[in-house]
1. Rank these by accessible area, largest first, 1.4 Å probe: Thr110, Thr103.
2. Find the Cα radius of gyration of the range 44-180, compare it with 2.2 N^0.38 Å by division, and give the number to two decimals.
3. Please list, by residue number, everything in the range 117-140 whose backbone N is under 19 Å from a paramagnetic label point 7 Å out along Cα→Cβ of Asn212.
4. Please list, ordered by chain and number, the residues whose modelled amide H lies under 5 Å from the amide H of Gly128; skip anything fewer than 5 residues away on the same chain.
5. Under 11 Å from the Cβ of Val144, count the other residues' Cβ atoms, weight Lys and Arg +1, Asp and Glu -1, and hand me the total.
6. If I take all pairs of Cα atoms in the range 144-234, what percentage of them are more than 17 Å from each other?
7. Near the amide H of Ser46, under 5 Å away, which other amide H atoms are found, from residues 5 or more places off or on another chain, if H is placed in the peptide plane?
Amino acid sequence: MSHKPRYVLLHLLTLLAVLFSGLGTALTPEPVAAQATPTCITSRISASSDDVEERTDNGAVDDDGDTSTHSLQTVRAYAGSSTGTRNWWGLRFLNVNVPQGATITSAAVTFRANAGSGSSNSGMTIWGQLAENPATFTESTNNVSNRATTSASVSWDIPQWTSGSDYATPSLAGIVQEIVNQSGWSANNALVVIGQTTADQNRSAVSRDGTNGSTLAPLLEVCYTEGAVGPTIT
């Protein structure tokens, strides 16, 4: 009896084994590292001296805003002035529960508009105070603008505002990252955001001293991750 059919069969089986071996390798998925889920925290202005205005022309600091609405205003006609004066804003948030060295994935401050605005955009440059646990503001001259700022900054092209609506800054992640990277930073320290008005268009926001300020004052939200990511998923 000829062995040729058996030889052909064995050869065919060998080829099939090689083929399926290659397919198995090609179809094996690469390991995928699990992504860490960010933790998000919030902090709202909780004291009268923690959200203030400073005049850019003479450095005078006002910790309760105008006498009628106690608003934070980017441009304000102060007593004795016939034209509006641009302001600095100083915002201090307490108990910012972010660990030292955490990776900041997002950060922003949200304001509640308490007056409508003109259609022309306003503007603000925003920094953080480069301090590990900054003190509250005082009404001493230049107490906002004289504070050491982060090297990171953000430009905010502020759109038209409608009274009663909320408006958030662009991402402040780089600013907050620089602050929490400081060796002396600890979770639940205070964090200061500083803004300088760059356009002669007013925006008026609820301050801590304004109506419903305990629930509508500026709100900081920070999201972060820390440590190693989860197990590898295949």
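The values are calculated or read from the model by the stated rules, or taken from the named source; none is laboratory data. Model, not experiment: these values are computed from the prediction. Please note: Cβ atoms are built from the backbone with ideal geometry, for glycine as well, and neighbour counts cover all protein chains shown. Areas reflect the complete protein model, heavy atoms only, side chains present, ligands, DNA and RNA absent. Shrake-Rupley method; radii C 1.70, N 1.55, O 1.52, S 1.80 Å.
1. Sorted descending by solvent-accessible area, the residues read Thr103, Thr110.
2. My calculation over the Cα atoms of the range 44-180 gives 1.07.
3. 117
4. When sequence neighbours closer than 5 places are left aside, the close amide H contacts are Thr150, Ile194.
5. -3
6. Counting pairs separated by more than 17 Å, the tail of P(r) holds 65 percent.
7. Leu94
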